[in-house]
Amino acid sequence: MKWTIEVGRYDRSQPPRPDASRGYPPPYEDAPAKRYQIFEVELEDHAMVLDALIAIREYQDESLVVRCACRSAICGSCGMWINGHASLACTTKLQDVAVNGKVTVESPPSMPVIRDLVCDMTPFWQKNLKVRPWLENKQPIPQGLEEYRVPNAAMEELIQEVSCISCGLCLMDCESFAINKNFTGPAALAKAYRYTADPRDAVTSQRLGDYSEPDGLWECTHCYECVSRCPKGVAPLDQILKLRRMAVEAGYTNNAGTRHALAFAESVRDSGRLNELTLMPKSVGLFNIPAQLRALPTAFNMLRAGKLPPIIHHKIPHVERIKAIFKKIGGIFK
């Protein structure tokens with residue numbers, strides 16, 4: 001079968017060509033513009049996107065730069081944007097993503113691009129190092145043939161994250177990272193949970209405090225891209241939510257993220273719906289006047305657009321049923 005492959009080309013050593021694209025919409029507007037080149041390849045119906053790229057590189061244009069290794073979803077090195085979403089080229093079938101026989105591939109605009117389909121993974125690895133992905137030994141350290149004894153149930157909680165192959169797809173499509181490059185990111189926070197929840201670690205409380213700082217675990221906006229893009233079912237958002245619960249239970253609640261979650265839950269519990277008018281002041285702090293003043297331009301824009309929340313907040317009928325649910329689960333953060 002004949003397939004049409006549109007490839008986003010980029011070379012940082014050369015100035016943009018006149019026919020280069022005009023760039024991406026927000027939140028990717030800072031990504032470098034690329035030129036798009038179309039290739040035709042003849043491959044079987046069951047061929048993968050990576051098969052097409054290798055065929056192009058080997059038989060049509062040897063200057064095409066693509067990164068790959070195992071071709072078995074183990075190394076994670078062939079992560080790229082395929083039709084506007086991060087995917088592994090080695091496990092993405094052409095017939096599953098082609099639109100009228102055409103597939104568009106390019107480097108993810110949220111990451112620095114080196115050349116063509118190869119992005120710079122430095123931000124990904126820096127974020128991994130930031131969470132200290134190793135265990136700090138508890139004392140006394142086992143000697144000789146002795147070892148740390150850990151209940152099976154405790155380790156079973158960590159199996160999901162251990163499956164991560166560090167492909168970076170979750171970070172490539174993370175909307176929070178696209179807006180805030182300082183965000184620790186889904187893969188790093190999932191790895192953070194793996195070590196924080198490990199009963200052999202000696203600095204659990206310190207880790208939770210560090211992760212609760214700005215740009216940490218409360219920066220996630222629940223876009224679920226990390227869940228849908230992960231090829232190994234790690235579901236980083238699940239691990240982030242577990243970390244949040246651990247942090248709250250450990251007493252790390254003096255931050256905007258915890259206050260936001262608390263204000264959100266209290267509003268739903270007490271009225272059955274979200275009181276958007278009080279959500280922002282409660283999140284930044286009722287007495288944090290500078291932060292509230294900084295939000296005034298947004299409030300004026302909402303007022304102009306007719307989207308300002310109602311001044312008087314009303315409860316839904318039978319709100320006591322909602323309160324009963326909160327009471328049954330044992331609190332707001334359960």
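The values are calculated or read from the model by the stated rules, or taken from the named source; none is laboratory data. On a predicted model such as this, the values are computed, not experimentally measured, just so you know. Glycine gets a Cβ as well: all are built from the backbone with ideal geometry, and neighbour counts include every protein chain shown.
Points to keep in mind about this one:
- Any hit, segment 225-234, residues being surrounded by fewer than 23 Cβ atoms within 10 Å (Cβ to Cβ), in the same structural domain as MET172 (by TED's automatic domain parsing), more than 11 Å from the chain's Cα centre (by Cα) and part of a helix (DSSP H, G or I): no
- Being farther than 30 Å from SER205 by Cα, among the aliphatic types (A, V, I, L, M) and part of a helix (DSSP H, G or I) holds for only one residue in LEU308, LEU277, LEU262, and it is LEU277.
- Odd one out for GLN239, checked against (1) at pLDDT below 90; (2) touching a Phe, Trp or Tyr at 6+ places or on another chain (Cβ under 8 Å): (1)
- Within segment 147-196, being more than 18 Å from GLY76 (Cα to Cα) and touching a strand residue (DSSP E or B) at 6+ places or on another chain (Cβ under 8 Å) holds for one residue alone: TYR195.
- First in segment 63-92 and assigned to a loop (DSSP other than H, G, I, E, B), second anywhere and among the acidic types (Asp, Glu) and surrounded by 19 or more Cβ atoms within 10 Å (Cβ to Cβ), Cβ under 7 Å, 6 or more apart: LEU64/ASP116; VAL65/ASP116; VAL66/ASP116
- Qualifying residue in segment 300-309 (condition: within 27 Å of the chain's Cα centre (by Cα), more than 30 Å from TYR193 (Cα to Cα) and not assigned by TED's automatic domain parsing to the domain that holds CYS164): no
- Restricting VAL150, VAL97, VAL105 to those that are hydrophobic (A, V, I, L, M, F, W, C) and modelled with pLDDT under 95 reduces the list to VAL150.
Residues are listed down the side, and each one gets a yes or a no for (1) at positive phi; (2) hydroxyl-bearing (Ser, Thr, Tyr); (3) assigned by TED's automatic domain parsing to the domain that holds ILE179; (4) surrounded by 19 or more Cβ atoms within 10 Å (Cβ to Cβ):
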residue: PRO27; (1), (2), (3), (4): no, no, no, no
residue: LEU43; (1), (2), (3), (4): no, no, no, no
residue: ALA47; (1), (2), (3), (4): no, no, no, no
residue: LEU50; (1), (2), (3), (4): no, no, no, yes
residue: ASP61; (1), (2), (3), (4): no, no, no, no
residue: GLY76; (1), (2), (3), (4): yes, no, no, yes
residue: GLU106; (1), (2), (3), (4): no, no, no, yes
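- Looking at segment 109-216, the helices (runs of 4 or more DSSP H) lying wholly inside it that each contain 2 or more residues that are free of Cβ contacts under 8 Å to residues at least 24 places away in the same chain, within 30 Å of TYR10 (Cα to Cα) and not assigned by TED's automatic domain parsing to the domain that holds ALA31 sit at 122-130.
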